[in-house]
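Q: Take a look at the following structure, please.
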Amino acid sequence: MIMELLNREHRNIERLLTVLEHELEVFDRADRPDYEVIRAIIAYFEVYTAMYHHPQEDRVFAKLRLRDPKAAAKVGDLAQDHKKGAERLHRVAQAVDGVLAGREVLRQDVDKIVRDFLEHERRHIAMEDRDFFPAAANALQPRDWTEIADALSPHKDPLFSDATETRFDALRAHILNLEQEAEAARH
């Protein structure tokens with residue numbers, strides 16, 4: 001159940017990264033991206049991934065370190081990687097705020113900051129999917145999963161669950177629109 005939840009959250013995060021990348025492409029063409037959508041993506045990462053997703057992964061990782069230190073070493077310092085991701089996200093938020101405040105911000109600097117965030121997040125998710133999740137699935141014992149599940153937050157995903165929050169309405173609509181466009185382009 002927990003691994004299914006974490007995998008589902010990764011797929012949802014990938015959807016958000018695709019939307020952010022799309023908005024960056026609009027920005028790079030010197031058009032006006034949907035800043036409401038961009039801010040909602042930033043808020044989602046600040047709130048849900050930082051407060052719920054990453055702590056859940058950290059619990060699984062702590063158990064993996066106990067059960068299979070060699071596999072945990074291959075994963076590396078997960079907490080540090082999460083911290084660096086949060087720092088990259090903060091730089092994205094600052095760049096977007098600078099643009100919206102009318103400060104002189106070079107377009108290529110904004111592009112570089114956002115692309116750095118996108119690339120890091122994608123590499124991070126790929127590493128977790130490839131190394132961390134399979135190692136945890138192999139090494140953790142039923143009682144480990146029970147303990148982790150007992151510590152699971154009752155808070156639901158504010159964007160991709162039945163407990164959606166209104167501040168994410170524009171983002172949700174934007175994601176659905178992009179997915180419909182992609183589906184139409186395939187046919």
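The values are calculated or read from the model by the stated rules, or taken from the named source; none is laboratory data. Not measured: the values here are computed from a predicted model. Backbone-built Cβ (ideal geometry, glycine too); neighbour counts: all protein chains shown. Quick note on the areas: whole protein, heavy atoms, side chains included, nothing else; ligands and nucleic acids left out. Shrake-Rupley method; radii C 1.70, N 1.55, O 1.52, S 1.80 Å.
For (1) open to solvent by 60 Å² or more (accessible area, probe 1.4 Å); (2) assigned to a helix (DSSP H, G or I); (3) farther than 17 Å from Glu14 by Cβ; (4) without any contact (Cβ under 8 Å) to a residue 12 or more places away in the chain, each residue gets a yes or a no:
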| residue | (1), (2), (3), (4) |
| --- | --- |
| Lys84 | yes, yes, yes, no |
| Val92 | no, yes, no, no |
| Arg103 | yes, no, yes, yes |
| Glu119 | yes, yes, no, yes |
| Asp129 | no, yes, no, no |
| Ser153 | no, no, yes, no |
| Asp157 | no, no, no, no |
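Q: Against the condition over 11 Å from the mean Cα position of the chain (by Cα) and crowded, with 19+ Cβ neighbours inside 10 Å, how does Ala40 come out, does it pass? Talk me through it step by step, then tell me what you get.
A: On the way: over 11 Å from the mean Cα position of the chain (by Cα): yes; crowded, with 19+ Cβ neighbours inside 10 Å: yes.
In short, yes.
Q: Same structure, new question: For residues in region 105-116 being among the hydrophobic types (A, V, I, L, M, F, W, C) and in a helix (DSSP H, G or I), which is farthest from the chain's Cα centre (by Cα)?
A: Quick first cut of region 105-116, residues among the hydrophobic types (A, V, I, L, M, F, W, C) only: 105-106, 110, 113-114.
With in a helix (DSSP H, G or I) added as a condition, the list becomes 110, 113-114.
On the way: Val110: 19, Ile113: 16, Val114: 13 Å.
For region 105-116, the residue satisfying everything is Val110.
Q: Let me ask another. Pairs please, first residue from region 14-41 and farther than 26 Å from Ala126 by Cβ and in contact (Cβ under 8 Å) with a residue 60 or more places away in the chain, second anywhere and in a helix (DSSP H, G or I) and open to solvent by 70 Å² or more (accessible area, probe 1.4 Å), Cβ atoms under 8 Å, 6+ apart in sequence or on different chains.
A: So the pair list comes out as Ala30/Arg107.
Q: What is the number of the single condition among (1) open to solvent by less than 50 Å² (accessible area, probe 1.4 Å); (2) over 27 Å from Leu5 (Cα atoms) that Ala72 does not meet?
A: (2)
Q: Confirm whether Ala62 is of a type in the set (Gly, Ala, Ser) and touching a residue at least 12 places away in the same chain (Cβ under 8 Å).
A: Working: of a type in the set (Gly, Ala, Ser): yes; touching a residue at least 12 places away in the same chain (Cβ under 8 Å): no.
The answer is no for Ala62.
Q: On to the next question. Identify all residues within region 131-151 that are part of a loop (DSSP other than H, G, I, E, B) and either at positive phi or open to solvent by less than 50 Å² (accessible area, probe 1.4 Å) (or both); write none if there are none. Talk me through it step by step, then tell me what you get.
A: Keep residues of region 131-151 that are part of a loop (DSSP other than H, G, I, E, B), which gives 140-141, 151.
Answer for region 131-151, where residues must be part of a loop (DSSP other than H, G, I, E, B) and either at positive phi or open to solvent by less than 50 Å² (accessible area, probe 1.4 Å) (or both): Leu140, Ala151.
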